[in-house]
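Asker: Structure incoming, see below.
Computed from the coordinates by the stated procedures, all read-outs in this text should not be read as laboratory data. In this text, all values refer to a predicted model and were calculated from it rather than measured experimentally. In this analysis, Cβ positions are derived from the backbone assuming ideal geometry, glycine residues included, and neighbour counts consider all displayed protein chains.
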Amino acid sequence: MKVKSGFLMYLFIFLGLIVGACLIMVAIMMFSPGTSIFGLQYYSENTVTTYSKTDGYFDEFENYDYITINSLSKDKDGNTLGYGYYNVEIRPGYRDAAVSNVVVSNQITGLVKSSDNLECSINFNAYQIDGKNYLTISITQVNTFLASKNCKIALNIPAEQNMSNTIFTINTKNGDIDMGGTLGKDNELSPLNISAFKVATETGNIVIKEKTTAPNYVDAKTTSGKISFFADSFNTKEVALETTTGKILLPNSLTTPSLTLTTNSGTIDGGDINGNLTLNSEMGIVRLNNISGNLTGTEKLNGTDIKLLSIGGELGIPNARNVKLEVGKVDGFININTQGGIVTIGKNNSGILSRANITTDSGTIKVYISGDELVNLQTKSGKVTAYFEVFNSNKNITTESGNIDIYLNQNTSLNLICETKNETILNWEETKVKNDIVYREIRGSSIFDNSILKIKSNTGKINVVREVDLVFE
């Protein structure tokens, strides 16, 4: 024990000497800027620099068809290593800006490699291609090590400028992107009316402010950050939003013919979508209100939890695994094929209004059918629960080993065929039939048109109930 205690004492002394030496070296570098120790030196900067149209760096922003901002990281030889850490803001009407200007804020404190680039730099490149005017702004960071940094590049656009024909492209790595600016005079947000924008960051967040418009397209992508879309009643031709592990927050109402939402394990929350939605999610959570158009799930739609109020168009999930889908009402054709998972369609005595084909291997199907078109429900080992408000066309329900529960409106008229090796229960007759085929001609107050409800299970139970008032629960 004495040997062990002595060893620990010497170990702590040794570690203390190392920490002390490091602190001494840091102190030397701080009080003697430029001093390099073991290839590192202390770096500190706190500057705000303004570049203006008046100084001849560029023209008024409204005169450019394309404006690109690249936050770059370069080595000591000027070779681009990738994107950098600058936050980017597009600010219309900021502080009543008289002319177009760019403001760069650098707040950096920490260690850097002596051999790396030790100067933040910015380059403005204006050019013309095929009659279109381009402005590319490239800002290069200091490659910091163990540093605290808060750096930003902001484009200040005079409020009276017409930017409706300008397309923005922004690329950064660790920085946030803010489309729509800050408060101007009278503490009012100035509108950012541009043609389109495409922005990308890795760990940063993306904010699209309330008064931002981009009628042609919006493309926003972040790896682990959050996308906050505050522009309510937004109207644009095409919107694509993607976060790998972060969150997408949509406004109360978003109008676009084409919306694509992509996430791997993130969360998507929002209101109404006035248009078609393509969902590309794996292990994500999606919670939206009403989709006026079609909803299409890609083959990547695995392990996702989806909750929607209604779909005005078609619902298509061609091939997915372990999807948990809950929709209150679907007006159009339904085609779902999933392995595992839970499919629930119906709420407040409304649900499937059109033709439907729902197939799953081991998943659960629960639906309320308020339309009179063909319906096919099929599972191998899962349970099927179906409520039929009306019955004017043929319906097929099949499972190999799962149970089937059917609820019919008391007024329904149809031909019933049940087949199972297990047990069939008819509640209005208080009948139980085992290992047999059951035929019944059911006559309610509705017109009898020889429509057939065919129910088949290999080894599962079949339970058929007639009720005066159907309640989907």
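Asker: D for the stretch 268-373, whole µm²/s, Stokes-Einstein with Kirkwood Rh over alpha-carbon pairs at 10 °C and 1.306 mPa s: what number? Before the final figure, lay out each step's value.
Answerer: Working: Rh = 13.2 Å.
Once the numbers are plugged in, D ends up at 120 µm²/s.
Asker: Could you go through the stretch 244-258 in sequence order and give the Karplus-derived ³J(HN,Hα) for each residue, using 6.51 cos²θ - 1.76 cosθ + 1.60 with θ = phi - 60°, rounded to whole Hz, and x for Gly and Pro?
Answerer: With coefficients 6.51, -1.76 and 1.60, one gets 6, 10, x, 10, 10, 10, 9, x, 5, 8, 10, 10, 6, x, 9 Hz.
Asker: On a C-alpha basis, how far is the centre of the stretch 290-314 from the centre of the stretch 334-401 in Å? Whole number, if you could?
Answerer: 16 Å
Asker: Local charge sum around Gly444 (other residues, Cβ-Cβ under 15 Å, Lys/Arg +1, Asp/Glu -1)?
Answerer: Around Gly444, the charge tally is -4.
Asker: Going by the alpha-carbon gyration tensor, a ≥ b ≥ c the square roots of its eigenvalues, is the chain rounded (a/c under 1.5) or, if a/c is not under 1.5, prolate (a/b greater than b/c) versus oblate?
Answerer: Taking the square roots of the gyration eigenvalues as a ≥ b ≥ c, the chain is oblate.
Asker: Here's a follow-up. Give me the one-decimal Kirkwood hydrodynamic radius in Å for the stretch 364-473, with the sum taken over alpha-carbon pairs. Present the calculation step by step, with values, prior to reporting the outcome.
Answerer: Values: mean 1/r = 0.0733 Å⁻¹.
Kirkwood radius, the stretch 364-473: 13.6 Å.
Asker: Sequence-distant or interchain residues sharing an amide H contact under 5 Å with Ile157, placed H: which?
Answerer: Long-range HN contacts for Ile157: Arg91, Gly93, Tyr94.
Asker: Further question on the same structure: Sort Met179, Met283 so that the residue with the fewest other Cβ atoms within 10 Å of its own Cβ comes first and the one with the most comes last. Present the calculation step by step, with values, prior to reporting the outcome.
Answerer: Numbers: Met179 26, Met283 14.
By the 10 Å Cβ count, ascending, the order reads Met283, Met179.
Asker: In the structure shown, do any of Lys74/Lys211; Lys173/Lys209; Lys132/Lys300; Lys226/Lys300; Lys221/Lys307; Lys380/Lys434 have a Cα-Cα gap over 28 Å, and if so which? Don't skip to the end; give the middle numbers.
Answerer: On the way: Lys74/Lys211 35 Å; Lys173/Lys209 21 Å; Lys132/Lys300 39 Å; Lys226/Lys300 21 Å; Lys221/Lys307 23 Å; Lys380/Lys434 20 Å.
Table pairs above 28 Å Cα-Cα are Lys74/Lys211; Lys132/Lys300.
Asker: Can I ask one more? Using only Cα atoms, find the angle between the long axis of helix 2-31 and the longest principal axis of the chain, and express it within 0 to 90 degrees, rounded to the nearest 10.
Answerer: Helix 2-31 and the main axis of the chain meet at about 60 degrees.
Asker: Same structure again: Taking H placed 1.01 Å from N in the peptide plane, check which residues at least 5 places from Cys151 or on another chain put their amide H under 5 Å from its amide H.
Answerer: Here the answer is Asn87, Gln107, since their amide H atoms fall under 5 Å of that of Cys151.
Asker: What list of ³J(HN,Hα) couplings, whole Hz, do you get for the stretch 198-205 from phi and the Karplus terms 6.51, -1.76, 1.60, once you set θ to phi - 60° and write x for glycine and proline?
Answerer: Those phi angles translate into 10, 10, 8, 8, 9, 9, x, 9 Hz.
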